[in-house]
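Shown next, in structure tokens, is the structure this report addresses.
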Amino acid sequence: MRLGTGGADAEVRMFVTGTLVELEEGGRFDMMIPLPRPIADDHCSAFVLVERVVESGEAPAEAGFTAELPGVKPLATELRTMQLFAGSVSDDLDALMLSVVAQVRGRFRIFVGWASRRLREVWAKLRCPGCRMALKAALKAGLGMLGVPLPEGGEVMIDSVDRLLDALLQSEIVEFLSDLLGEHALDALRDAVHGAFDPVSKALRLLDELFFAICARLGLCP
């Protein structure tokens, strides 16, 4: 999804996309994401999540792929089937160049997002610009840092919301979320997550319902 500010200098200010690719063993997938120019005048941060889709009953004993994203910092994750990149984008980059090489045959899900602080100037004019996709990827990454996979569909139970959000706060993912949602994004996200979870069921929610509730509480979706 691409969104622009409109007007004479209608540069794209935010990019959020989700891609699912199927690769053979030794297969390669390359993605080029153009960035706004000049970055130095319009701070740009990125967040990229690459994960192997583990089939039901499969033991994720190996990552199954390698990913490279020059110019963006790799982040540590406890899940071997996931690789993360996040942080400020180097001023000398014209584009993000992501490469994924499969070591095993399988499906690989890729989330790519970058945001500029100027996006906040036009946020009120935008209607649900990939917010659920971005938040789901961020929370999935936070769980990955804790070694907890987010199930594919169905119900999710998170025992410690604070522990999950603390994992995000201690990583460069917070920079991307702040550029996308505003300076107080993590405080708002913490309140929204706590509010979205049913205190009686201890955070037992359907995934789609959960992320819709979070976005609604953040005021991102109608």
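For this structure, a couple of remarks:
- Taken across region 2-9, residues that are modelled with pLDDT of 90 or more, surrounded by 17 or more Cβ atoms within 10 Å (Cβ to Cβ) and either in contact with a helix residue (DSSP H, G or I) (Cβ under 9 Å, 6 or more places away or on another chain) or in a strand (DSSP E or B) (or both) do not occur at all.
- Only a single item in (1) modelled with pLDDT of 75 or more; (2) among the charged types (D, E, K, R); (3) closer than 22 Å to residue 146 by Cα is not met by residue 179, and it is number (3).
- The residues of region 80-115 that are buried (at least 21 other Cβ atoms within 10 Å of the Cβ) and in contact with a Pro (Cβ under 6 Å, 6 or more places away or on another chain), listed by number, are 81, 85.
- Cross-chain or 6+ apart pairs with Cβ under 6 Å, region 73-86 first and over 17 Å from residue 107 (Cα atoms), then of a type in the set (Phe, Trp, Tyr) and surrounded by 22 or more Cβ atoms within 10 Å (Cβ to Cβ): 74/85; 86/47; 86/176
- Residue within region 44-57 that is at pLDDT 80 or above, open to solvent by 70 Å² or more (accessible area, probe 1.4 Å) and either of a type in the set (A, V, I, L, M) or over 23 Å from residue 133 (Cα atoms) (or both) present: no
- Residues located in region 154-164, provided they are modelled with pLDDT of 80 or more and open to solvent by less than 40 Å² (accessible area, probe 1.4 Å): 164
- For region 94-135, the tally of residues that are farther than 22 Å from residue 30 by Cβ and either at pLDDT 90 or above or among the polar types (S, T, N, Q) (or both) stands at 1.
The values are calculated or read from the model by the stated rules, or taken from the named source; none is laboratory data. Keep in mind it's a predicted model, so treat the numbers as computed, not measured. Reconstructed Cβ throughout: ideal geometry from the backbone, glycine too, with neighbour counts over all protein chains shown. Protein only, heavy atoms only, side chains kept; ligands, DNA and RNA dropped before computing areas. Shrake-Rupley method; radii C 1.70, N 1.55, O 1.52, S 1.80 Å.
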